[in-house]
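The values are calculated or read from the model by the stated rules, or taken from the named source; none is laboratory data. If you're wondering where the values come from, they're calculated on a predicted model, not measured in any experiment. Neighbour counts are summed over all protein chains in view; Cβ atoms, including those assigned to glycine, are modelled from backbone coordinates with ideal geometry. Note: accessible area is taken over every heavy atom of the protein model, side chains too, but ligands, DNA and RNA are not part of it. Shrake-Rupley method; radii C 1.70, N 1.55, O 1.52, S 1.80 Å.
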Amino acid sequence: HSFPYVSKKLAATYKNCTFDLFATTIKYDAGCFGYSKVVKQNTQKLCRNYKNIHLVELLNNSRADESYATIDQWRAASISAATFIYTLSLKYSFVIAITVDTPFAQTASYFFKQYKQIGSVRIIWLPQSTALIHAKRKKHTKNELVRRVWEMGPIGEAKRNKLVRIGLIGTFMRSHLIEKYGASKNSLISLRNAVYFKKLDRYRRSQKNY
């Protein structure tokens with residue numbers, strides 16, 4: 001909802017530039033846990049209303065029935081995202097890609113391994129959580145260890161590559177990534193989650209009912 005306003009502000013400052021937003025997601029169908037037909041329809045409607053907002057569905061090597069899944073799907077999702085970013089770099093003079101959460105953690109690593117000569121792309125990994133946050137015991141399970149190694153990829157990439165950054169949704173995540181994952185302070189940027197309060201009005205209920 002904020003991008004039309006933001007793009008107008010940017011266009012007013014940068015007179016000869018146009019700005020587009022590509023909202024990407026894994027391709028899901030109704031059989032996938034968490035799928036919402038209403039959310040997809042609302043998103044598609046928003047994209048139709050604004051010519052510079054686009055919805056793109058990426059692959060993760062499932063049958064459109066798995067979202068988070070396992071590292072096999074994470075690899076496919078990150079490669080799919082890296083490939084799409086490359087297609088954007090052919091069309092636009094500058095691309096900022098924000099890759100959200102674990103399935104897209106290695107997007108930057110795959111992209112710059114294959115297209116290291118492209119300097120017009122910036123990639124930010126924005127973790128919402130990590131393997132260590134979800135870990136319930138001091139001794140990690142095999143899946144937790146696999147996930148942690150996978151999540152270490154973008155941390156290392158951001159140390160080596162100035163075109164890669166790690167986004168932070170809050171102060172806790174900043175401390176967590178520095179202390180538990182060894183993230184470089186210079187590679188971190190704040191990208192706090194926003195709340196659209198008008199949308200919350202429909203869910204407001206009086207405290208008197210409790």
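A few notes on this one:
- Those residues of region 1-27 which are among the aliphatic types (A, V, I, L, M) and either surrounded by 15 or more Cβ atoms within 10 Å (Cβ to Cβ) or not in a helix (DSSP H, G or I) (or both), in sequence order: L21, A23, I26
- Some residue of region 28-38 being surrounded by 13 or more Cβ atoms within 10 Å (Cβ to Cβ), acidic (D, E) and not in a helix (DSSP H, G or I): no
- Top-ranked residue in region 58-67 [being surrounded by 15 or more Cβ atoms within 10 Å (Cβ to Cβ) and on the phi < 0 side of the Ramachandran plot; ranked as farthest from the chain's Cα centre (by Cα)]: S62
- Look at (1) surrounded by 11 or more Cβ atoms within 10 Å (Cβ to Cβ); (2) not in a helix (DSSP H, G or I) and you find that N193 fails only one, number (1).
- Considering residues of region 68-87 that are aromatic (F, W, Y) and open to solvent by less than 70 Å² (accessible area, probe 1.4 Å) only, the residue nearest to Q114 (Cα to Cα): Y86
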